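Inspection log for the structure reproduced underneath, given as structure tokens.
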Amino acid sequence: MKTKTTFAPELIIPNGVTDISFYVKAFNAIELWRLNNDDGSVHVAGFTIDDALFHIHEQRPDSGKFSPATHNGTTVAVGLMVDDVHAVVTQTVAVGARITSPVTDYDYGYRQGSIVDPFGHHWTIEKIINPDILMTGNYGE
């Protein structure tokens, strides 16, 4: 069976985290599996949001991967395409996310809102609302 090419980000969390339910509550993610450390903290877990796969992994300094709080920021924002941007942003805030950019319709054809989850990961919740603009490149005119 051929493996379908997909993009599956690995989000790094601080050591000692035991509750990763934010993703289930915020995005209706399904936790597929989890490996815990002896102390009950999360070592690594796999989730899906619809068919989109992602992983949560505790930080390991020897790997060069760090949770966003380690360096007071992040180098990656995860884009999540959804049908109802307002509803998803509202749901994430209700369970602990912080809005960094309110939901806005942009002249490049997207509706987007940005949040930071409780572990410091940046998410852009988005939907294409005008694909014609994207096809022609005529935006902002």
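The values are calculated or read from the model by the stated rules, or taken from the named source; none is laboratory data. Only a predicted model underlies this, so the values are computations on that prediction, with no experimental measurement involved. Here Cβ is always computed from backbone atoms with ideal geometry, including for glycine, and neighbour counts include all displayed protein chains.
In region 4-21, how many are within 14 Å of the chain's Cα centre (by Cα) and either more than 16 Å from residue 50 (Cα to Cα) or polar (S, T, N, Q) (or both)?
Residues meeting the conditions: 6.
Say whether the condition of being in a loop (DSSP other than H, G, I, E, B), in contact with a strand residue (DSSP E or B) (Cβ under 9 Å, 6 or more places away or on another chain) and of a type in the set (Val, Ile, Thr) is met by at least one residue in region 19-42.
Among the residues of region 19-42, at least one is in a loop (DSSP other than H, G, I, E, B), in contact with a strand residue (DSSP E or B) (Cβ under 9 Å, 6 or more places away or on another chain) and of a type in the set (Val, Ile, Thr), which makes the answer yes.
Scan region 49-58 for residues that are within 14 Å of residue 81 (Cβ to Cβ), surrounded by 15 or more Cβ atoms within 10 Å (Cβ to Cβ) and not small (Gly, Ala, Ser) and report the count.
2
Give the residue that is farthest from the chain's Cα centre (by Cα), with candidates limited to residues of region 30-50 that are within 21 Å of residue 76 (Cα to Cα) and touching a residue at least 24 places away in the same chain (Cβ under 8 Å).
Residue satisfying both the conditions and the ranking: 45.
Of the residues that sit in region 59-78 and are among the small types (Gly, Ala, Ser) and closer than 23 Å to residue 92 by Cβ, which one is surrounded by the fewest Cβ atoms within 10 Å (Cβ to Cβ)?
73
Of all the residues that make up region 119-135, how many are in a loop (DSSP other than H, G, I, E, B) and buried (at least 17 other Cβ atoms within 10 Å of the Cβ)?
Qualifying residue count for the region: 3.
Could you go through region 45-54 and let me know if any residue there is at pLDDT below 95, in the same structural domain as residue 16 (by TED's automatic domain parsing) and small (Gly, Ala, Ser).
Yes, region 45-54 contains at least one residue that is at pLDDT below 95, in the same structural domain as residue 16 (by TED's automatic domain parsing) and small (Gly, Ala, Ser).
Scan region 92-115 for residues that are touching an Asp or Glu at 6+ places or on another chain (Cβ under 9 Å), surrounded by 14 or more Cβ atoms within 10 Å (Cβ to Cβ) and over 21 Å from residue 20 (Cα atoms) and jot them down.
109, 110, 111, 112, 113, listed by residue number.
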